[in-house]
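Participant: First the structure, which I've put down as structure tokens, then a few questions once you've had a look.
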Amino acid sequence: MAYVSKRGATISGIEPRTGETHMAKLIAGNWKMNGSVESSRALAGGLAEKVKATPGLADVAICPPGPLMRDVLTAVAGSPIGVGGQDCHWNEAGAHTGDTSAALLADIGCAYAIVGHSERRADHGETSEQVKAKAEAVLSAGLVAIVCVGETEAERDTGQTETVVGRQIDGSLPDGGTPKTVVIAYEPVWAIGTGRTPSLEEIAAVHAFIRARAQESYDLGEGLRLLYGGSVKPGNAAEILAVEGVDGALVGGASLTVEDFWGIIESCP
Ligand code: 13P
């Protein structure tokens, strides 16, 4: 089924949200462990100005480090930019030193939480089982879960992309999710921060695989927002965002300047 975007492009395979005639792309910035109070205010405030001046190009989210959350929420107040956590604990509260609950993210005013990013899977040994529990906590808190999956270079080189990503999908998605509450981000590990990306055909193929698998395992394929992440920049965003089945982008490095992040938002078809 095809829908026409606000800019007149035909987007196929995407269900509009209720009452809408198209599904906007979601452009989410993952700041990772970057920024300061001063830079975060300037970046979030600058983006908010851009989005308010030219609304409707895409749904926009930014995921700052926890200590910068209040400053970012203040800076984007009154704009349609959503703010998200980069991770959360699966419990609502308790003795978990250093962790943040999804409930607290919701309380502070967040709309999203990323779970299962490959850097957390690698640096903190997070398993898909834990990612699923986190995603379920995100849903319980009333937030949208951005669940990340993706293969390493060695896994791709040995032809295991679908096996690995399929296993991550089966193991990491929350029970009871809907296309309104769950977003999947396909982030090939070897493309993160490297300047390398899969070919457009490869992105399309993995996205089609993920959508089919999410449908099969969770009845969650139709209308699901599926983001691509890994070295998305203003220079390649237009072609990546035009790939069938790509409903937005999860952006790391290029979300750290207003100019680059806005360039990606402006590239939405
Ligand atoms: P880069 O855009 O820096 O490659 O990072 C992608 C990513 O990991 C976003 O979560």
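The values are calculated or read from the model by the stated rules, or taken from the named source; none is laboratory data. Note that the structure is a prediction, hence the values are computed from the model and not measured. Neighbour counts run over all protein chains shown; Cβ positions are idealised from the backbone, glycine included.
Participant: So in the stretch 40-76, with the set limited to residues that are farther than 17 Å from ALA24 by Cα and of a type in the set (Ser, Thr, Tyr), which one is surrounded by the fewest Cβ atoms within 10 Å (Cβ to Cβ)?
Facilitator: THR74
Participant: Further question on the same structure: Looking only at residues that are buried (at least 19 other Cβ atoms within 10 Å of the Cβ) and closer than 23 Å to GLY166 by Cα in the stretch 244-258, which one is farthest from the ligand (Cβ to nearest atom)?
Facilitator: Filtering the stretch 244-258 for residues that are buried (at least 19 other Cβ atoms within 10 Å of the Cβ) and closer than 23 Å to GLY166 by Cα, the one farthest from the ligand (Cβ to nearest atom) comes out as GLY245.
Participant: Mind listing just one residue for me: the one in the stretch 259-269 that is part of a loop (DSSP other than H, G, I, E, B) and in contact (Cβ under 8 Å) with a residue 40 or more places away in the chain and, of those, farthest from the ligand (Cβ to nearest atom)?
Facilitator: Among residues in the stretch 259-269 that are part of a loop (DSSP other than H, G, I, E, B) and in contact (Cβ under 8 Å) with a residue 40 or more places away in the chain, the one farthest from the ligand (Cβ to nearest atom) is PRO269.
Participant: Checking the structure you have, find out if any residue of the stretch 233-249 is closer than 19 Å to LEU173 by Cα, out of contact with any strand residue (DSSP E or B) (no Cβ under 6 Å at 6 or more places or on another chain), of a type in the set (S, T, N, Q) and in a helix (DSSP H, G or I).
Facilitator: Taking every residue of the stretch 233-249 in turn, none turns out to be closer than 19 Å to LEU173 by Cα, out of contact with any strand residue (DSSP E or B) (no Cβ under 6 Å at 6 or more places or on another chain), of a type in the set (S, T, N, Q) and in a helix (DSSP H, G or I).
Participant: I've got another one for you. Could you tell me which numbered condition GLU187 fails, if it satisfies all but one of (1) acidic (Asp, Glu); (2) surrounded by fewer than 16 Cβ atoms within 10 Å (Cβ to Cβ); (3) closer than 30 Å to SER39 by Cβ?
Facilitator: Against the list (1) acidic (Asp, Glu); (2) surrounded by fewer than 16 Cβ atoms within 10 Å (Cβ to Cβ); (3) closer than 30 Å to SER39 by Cβ, GLU187 comes up short only on (2).
Participant: Those residues that are among the polar types (S, T, N, Q) and not in a loop (DSSP other than H, G, I, E, B), I need them from the stretch 85-126; list them, please.
Facilitator: Matches in the stretch 85-126: SER101, SER118.
Participant: Pairs, please: C-beta under 6 Å, at least 6 apart or cross-chain, first residue within 10 Å of GLY29 (Cα to Cα) and in the stretch 233-258, second surrounded by 20 or more Cβ atoms within 10 Å (Cβ to Cβ) and of a type in the set (Ser, Thr, Tyr)?
Facilitator: That search, which allows pairs on different chains as well, returns ALA249/TYR228.
Participant: ASP219 fails exactly one of the following numbered conditions: (1) closer than 19 Å to ALA145 by Cβ; (2) in contact (Cβ under 8 Å) with a residue 12 or more places away in the chain; (3) not aromatic (Phe, Trp, Tyr). What is the number of that condition?
Facilitator: (2)
Participant: What is the residue count in the stretch 92-133 for residues that are closer than 20 Å to VAL182 by Cβ, surrounded by fewer than 18 Cβ atoms within 10 Å (Cβ to Cβ) and acidic (Asp, Glu)?
Facilitator: Total meeting the criteria: 2.
Participant: From the residues in the stretch 150-192 that are of a type in the set (A, V, I, L, M, F, W, C) and in a helix (DSSP H, G or I), which one is nearest to the ligand (Cβ to nearest atom)?
Facilitator: ALA191
Participant: Right, here's the next one. I'm trying to understand the selection: among the residues of the stretch 205-240, which are among the aliphatic types (A, V, I, L, M), surrounded by fewer than 17 Cβ atoms within 10 Å (Cβ to Cβ) and more than 16 Å from the ligand (Cβ to nearest atom)?
Facilitator: ALA205, ALA208, ALA212
Participant: So PRO198 clears everything in (1) over 25 Å from ALA242 (Cα atoms); (2) within 16 Å of the ligand (Cβ to nearest atom); (3) crowded, with 19+ Cβ neighbours inside 10 Å except one condition, right? Which one?
Facilitator: (1)
Participant: Just checking, which of VAL147, VAL138 is modelled with pLDDT of 95 or more, within 14 Å of the ligand (Cβ to nearest atom), closer than 20 Å to ILE27 by Cα and aliphatic (A, V, I, L, M)?
Facilitator: Of the residues listed, the single one that is modelled with pLDDT of 95 or more, within 14 Å of the ligand (Cβ to nearest atom), closer than 20 Å to ILE27 by Cα and aliphatic (A, V, I, L, M) is VAL147.
Participant: Within the stretch 99-133, can you find the residues that are within 16 Å of the ligand (Cβ to nearest atom), over 17 Å from the mean Cα position of the chain (by Cα) and of a type outside the set (A, V, I, L, M)?
Facilitator: ASP123, HIS124, GLU126
Residue-by-condition table, conditions (1) farther than 22 Å from LYS132 by Cβ; (2) among the charged types (D, E, K, R); (3) part of a helix (DSSP H, G or I):
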residue	(1), (2), (3)
ARG196	yes, yes, no
ILE203	yes, no, yes
VAL206	no, no, yes
ALA212	no, no, yes
GLU216	no, yes, yes
LEU220	no, no, no
LEU226	no, no, no
